Protein chains: 2
Amino acid sequence: MAQVDTVTRILDAAEELFAEHGFAETSLRTITARADVNLAAVNYHFGSKKALIQAVFARFLTPFYKMVETSLDVHEKNHPDTILSIEDILRFVARAMASVTEGDRSRLAIFMRLLGLAYNQGQGHLRKYLQTEYRSLFRRVMALIAKATPDLQPVERFWRFHFMLGSAAFTLSSMENLRAIVEHDFDTKCTEEEVVGYLLPFLAAGIRAK
Amino acid sequence: MAQVDTVTRILDAAEELFAEHGFAETSLRTITARADVNLAAVNYHFGSKKALIQAVFARFLTPFYKMVETSLDVHEKNHPDTILSIEDILRFVARAMASVTEGDRSRLAIFMRLLGLAYNQGQGHLRKYLQTEYRSLFRRVMALIAKATPDLQPVERFWRFHFMLGSAAFTLSSMENLRAIVEHDFDTKCTEEEVVGYLLPFLAAGIRAK
DNA sequence: TTTTGAGTTAAACGTATGTTTCAAACAGTT
DNA sequence: AACTGTTTGAAACATACGTTTAACTCAAAA
């Protein structure tokens, strides 16, 4: 075995480059060059570029998924029959995200970018993958949100959920550019935590509208 | 001149295909084939693929831009010194969008997709283009929002504005897929107008949060 | 020691892409 | 009718891409 596993070297490089330039715009040659690995390694270890993209996605998804699940399990065991508020639910999700992307903040951006891609690429492989892998967590969170917003019609709740997802996906995936604008226009720096601190109240108020 | 101008035939085809498959995934050959036009026509009339993408963008941007400007002008002449509410502002923008994309609803999706792309493609050409072209309208709308939300700190207002933008960009650009999910999961069809009808209250409540 | 098999390497393959070329067709003007 | 500038057409070009191949490395098993 080399200093660091070839597979994770590829994943690390791919993650950074996907976040910077997108997926179609990032070539395997660029990835393997940054990873200091032979070009053929991607196809050897992952099978194809598509599979690599999925693997990059999975590296977030799986721990994030488990994190939310277990923290919800713990909470429900300690506080059974309590109804979580929207803020509570968002905090659970945000905390899981933070812990998964800890130490490397651009990972959040690429996760969100993948999410956006998964949604608006019609026949894309990512969407199917996400849908099968994520379904049970999605349902569980959706059920919690339903309990927190009992007055909402199911269809409108569905849309509002995706409005929330959109805010998060858009702003967090282009966080770097937006922070640059803030620094230029307002002469102020924003940490990621501050942005999330701005985001959650916005989302909560939005889903509770009217 | 042919039946329809070659330039607009290309723009029409590019618009549809970009909306379906994204930009990098759509080749000039696919575009020119659908437009029933020679491959070289794109480079002859637009210069490059990048320039074509910008041209597709500009075909929305320019009329949309003018529409918002003039309708705001008219309103300010008729009702000087009135402070528009957030809902009013959003309605102005939404009405301008509707009138620009009238008759062809998928244009909204590609517009939003381009917007998202412009934001999270760091060094992308779209971003610069948008920034220079849009700046004055952006400032004007921002000033109106500032008057409608006097209690908000400028930086937080900036972020909330982009949270709104994110909701709109994300949901409207993946509208087709989301409507398919709604139809599958809830056995209901949603028109674009209904979705916008759901969206605006969400945004208004979000920006007014706390 | 030999064998095995996973991992790596350099090179090549086939293909799809954006772009360019240059001759032909065309429309408008003189 | 001849000329002129613009637009189209078929073909080729150069390149970048994802992928495959086959030779090679090298540690662990037999």
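Just subtract the alpha-carbon distance of A:K147 and A:T70 from 0.36 nm times their residue separation and send over the number in nm, one decimal. Don't jump to the answer; show the numbers that get you there.
Values: separation 77, 0.36 × 77 = 27.72 nm, distance 1.94 nm.
That pair, A:K147 and A:T70, stretches by 25.8 nm at full extension.
Give me the Å³ per residue figure for the convex hull around the C-alpha atoms of chain A. Display every interim value, and only then the final one.
Values: hull volume 32.0 nm³, N = 210.
About 153 Å³ per residue, rounded to a whole number.
Which residues among the stretch A:142-167 fall inside the zone where the amide N is under 17 Å from a point 7 Å beyond the Cα of B:D187, along Cα→Cβ?
A:154-156
Keeping to pairs on different chains or 8 or more places apart, tell me how many lysine pairs in chain A have Cα atoms under 24 Å apart.
Numbers: A:K49/A:K128; A:K50/A:K66; A:K50/A:K128; A:K66/A:K77; A:K66/A:K128; A:K66/A:K147; A:K77/A:K147; A:K147/A:K210.
Here the count comes out as 8.
Would you work out the relative contact order for the stretch A:28-136, in percent, from Cα pairs under 8 angstrom that are 6 or more residues apart? Write out the running numbers ahead of the final one.
Details: 46 pairs, mean separation 22.9, N = 109.
21 percent.
Out of residues 5 or more away from B:T26 or on other chains, whose amide H comes under 5 Å of its own, with H placed 1.01 Å from N in the peptide plane?
Under 5 Å from the amide H of B:T26 lies no amide H from a residue far enough along the sequence or on another chain.
Quantify how strongly other chains surround peptide B:151-159 by giving the mean number of their Cβ atoms within 10 Å of each of its Cβ atoms. Walk me through the numbers before you get to the answer.
Numbers: counts 0, 0, 3, 4, 8, 6, 1, 8, 12.
Other-chain Cβ atoms within 10 Å of each residue's Cβ, averaged: 5.
Provide an ascending nm list, one decimal, of label-point separations from A:E76 to the equivalent residue in each further copy; define each label point as 7 Å from Cα along Cα→Cβ.
Distances between equivalent label points, in nm: 5.4.
GNM on chain A, C-alpha springs below 10 Å: top fluctuator among A:I86, A:I31, A:I181?
A:I181
With θ set to phi - 60°, apply the Karplus curve 6.51 cos²θ - 1.76 cosθ + 1.60 along the stretch B:190-197 and write out the HN-Hα couplings as whole Hz, x wherever there is a Gly or Pro.
Result, ordered by residue: 10, 7, 4, 4, 4, 4, 4, x Hz.
At what distance in nm do the modelled label points of B:D88 and A:H45 sit from each other, each positioned 7 Å from its Cα along Cα→Cβ?
5.9
Helix A:125-148 versus the longest principal axis of chain A: what angle, 0 to 90°, nearest 10, using Cα atoms?
20
Using only Cα atoms, tell me the angle between helix A:86-100 and the longest principal axis of chain A; keep it within 0 to 90° and round to the nearest 10.
Value to nearest ten degrees: 20.
What is the helix-to-structure angle for A:106-120, meaning the angle in degrees between its Cα long axis and the longest Cα principal axis of chain A, kept from 0 to 90 and rounded to the nearest 10?
80
Calculate one ³J(HN,Hα) per residue across the stretch A:173-182 by plugging θ = phi - 60° into the Karplus curve 6.51 cos²θ - 1.76 cosθ + 1.60, and present them in order as whole Hz with x for glycine and proline.
Going residue by residue, I get 6, 10, 3, 4, 5, 5, 5, 5, 4, 4 Hz, with x marking Gly and Pro.
Values in this text are rule-based calculations from the coordinates and carry no lab data. Keep in mind the model is a prediction, meaning the values are calculated, not measured. With ideal geometry, Cβ positions are generated from the backbone for all residues, glycine too; neighbour counts draw on all protein chains shown.
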